[in-house]
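The structure under discussion appears below in the form of structure tokens.
The values are calculated or read from the model by the stated rules, or taken from the named source; none is laboratory data. All values reported here derive from a predicted model rather than from experimental measurement. With ideal geometry, Cβ positions are generated from the backbone for all residues, glycine too; neighbour counts draw on all protein chains shown.
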Amino acid sequence: MSSVTELAQRFQGPVVDVDELVAALEATGINDREAAQRYGAPSVFALGEQVLGHLREQPAPWRVDRQPPPYLAGALARAALLLCALLPLAFLSDSFGAPVLAALALVPLVRALTPSGLSRAPSSQPLRPVWRGLHVAPPSLVRERVARALVGLVEAAAIALVWWTAPTLQPLLVAVPLAEIVVAWHRSRATAGLDGYEDLRAFRREVRGLAAVTVVALVPPLVVGAALAAAAYRLPYRLSSHPQARDLVLGMAAATLLGGLLAVTGLLCARGRIVAAAVVAAAPLAGTAVVAWLLHAVVPGFAALPAVVAATGIAYLLGLVVAAHSTFDPDEYR
């Protein structure tokens with residue numbers, strides 16, 4: 001007669017509920033007759049309960065009951081670096097084009113050199129020594145940082161587009177730190193908080209809770225940006241007659257939507273969706289170019305700012321859908 005303990009060793013891993021364990025036992029060819037003859041259990045269901053009891057009694061090396069790693073200091077440091085690139089754009093006019101656009105080079109550098117906030121998981125590959133204490137990163141880490149740098153370049157281009165068309169970028173100064181905190185909090189919970197689940201159902205509940213909080217935190221900029229865009233065309237009479245009032249409100253809408261878009265691309269990078277993040281960040285550029293090409297010859301006096309707002313809002317919404325799918329899928333956390 002075989003030992004239940006030996007059978008439990010075959011199913012070591014995250015503890016599941018008894019129904020899924022019975023299904024796994026039956027998939028290996030163990031039925032009621034086999035359970036009675038080999039393991040002395042009256043049924044395969046009873047055998048599953050015995051195996052599950054052994055799994056819960058044994059110390060589980062795959063479970064790591066620890067607090068999530070700190071994230072706030074790193075998130076604020078990355079936000080401060082990004083704000084250094086955005087401050088000239090927010091307070092200087094386009095007459096300072098060259099130095100202002102040069103400051104945007106900080107965006108891909110921050111994305112590439114701060115992997116703790118944007119990578120799916122910390123790299124386990126050590127640095128390789130080359131000559132007299134000089135070390136070089138492994139090829140996989142180099143490729144990861146290059147891909148994040150490309151995302152940063154596309155983000156910088158989207159920021160430059162909004163800066164070129166919008167009268168103000170001050171909402172970005174508030175949106176960027178909040179976006180960095182949300183992304184860093186999500187990654188902190190995903191890398192540590194999900195390691196201590198007791199069964200598959202608890203794991204899925206934890207994933208749903210984490211995903212729900214993360215997605216809900218990314219919705220307000222979309223709502224506020226859409227509300228500002230709608231309000232720009234329904235201004236009170238005294239404001240509607242002002243030549244700059246509509247552009248000012250549309251500019252605030254574009255900056256708000258862009259701040260949320262940066263949060264979505266950061267979350268996609270944190271989930272390992274580098275290509276999706278680059279596509280979402282490039283969507284405002286492509287959308288604005290298409291609208292400008294279609295309407296420039298048809299609409300007299302075509303203005304780029306409404307097209308930028310629409311393209312950024314659509315890209316934000318599509319990116320939020322992709323990010324929600326990535327965060328709600330339990331398989332993405334394996």
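Looking at Val100, Val51, which is the one that is touching a helix residue (DSSP H, G or I) at 6+ places or on another chain (Cβ under 6 Å) and either surrounded by fewer than 16 Cβ atoms within 10 Å (Cβ to Cβ) or modelled with pLDDT of 75 or more (or both)? Write out each step before concluding.
Numbers: Val100 fails: either surrounded by fewer than 16 Cβ atoms within 10 Å (Cβ to Cβ) or modelled with pLDDT of 75 or more (or both).
Being touching a helix residue (DSSP H, G or I) at 6+ places or on another chain (Cβ under 6 Å) and either surrounded by fewer than 16 Cβ atoms within 10 Å (Cβ to Cβ) or modelled with pLDDT of 75 or more (or both) holds for just one of Val100, Val51, which is Val51.
Would you pick out the residues in region 289-321 that are modelled with pLDDT of 85 or more and not small (Gly, Ala, Ser)?
Leu305, Pro306, Val308, Val309, Thr312, Ile314, Tyr316, Leu317, Leu318, Leu320, Val321
Taking Ala77 as meeting all but one of (1) among the aliphatic types (A, V, I, L, M); (2) modelled with pLDDT of 60 or more; (3) outside any helix (DSSP H, G or I), write down the number of the exception.
(3)
For residues that are within 16 Å of Ala158 (Cβ to Cβ), among the hydrophobic types (A, V, I, L, M, F, W, C) and touching a residue at least 40 places away in the same chain (Cβ under 8 Å), scanning just region 314-334, find the one that is surrounded by the fewest Cβ atoms within 10 Å (Cβ to Cβ). I'd like the intermediate steps shown before the answer.
Step one: of region 314-334, the residues within 16 Å of Ala158 (Cβ to Cβ) are 314-320.
Then keep just the ones that are among the hydrophobic types (A, V, I, L, M, F, W, C); that gives 314-315, 317-318, 320.
The next check asks that each one be touching a residue at least 40 places away in the same chain (Cβ under 8 Å); those that pass are 315, 317, 320.
Values: Ala315: 26, Leu317: 15, Leu320: 22.
So, considering only residues that are within 16 Å of Ala158 (Cβ to Cβ), among the hydrophobic types (A, V, I, L, M, F, W, C) and touching a residue at least 40 places away in the same chain (Cβ under 8 Å), the one surrounded by the fewest Cβ atoms within 10 Å (Cβ to Cβ) is Leu317.
Please specify each residue of region 196-244 satisfying the condition of being of a type outside the set (A, V, I, L, M, F, W, C), surrounded by fewer than 12 Cβ atoms within 10 Å (Cβ to Cβ) and either in a helix (DSSP H, G or I) or at pLDDT 90 or above (or both).
Tyr237, Arg238
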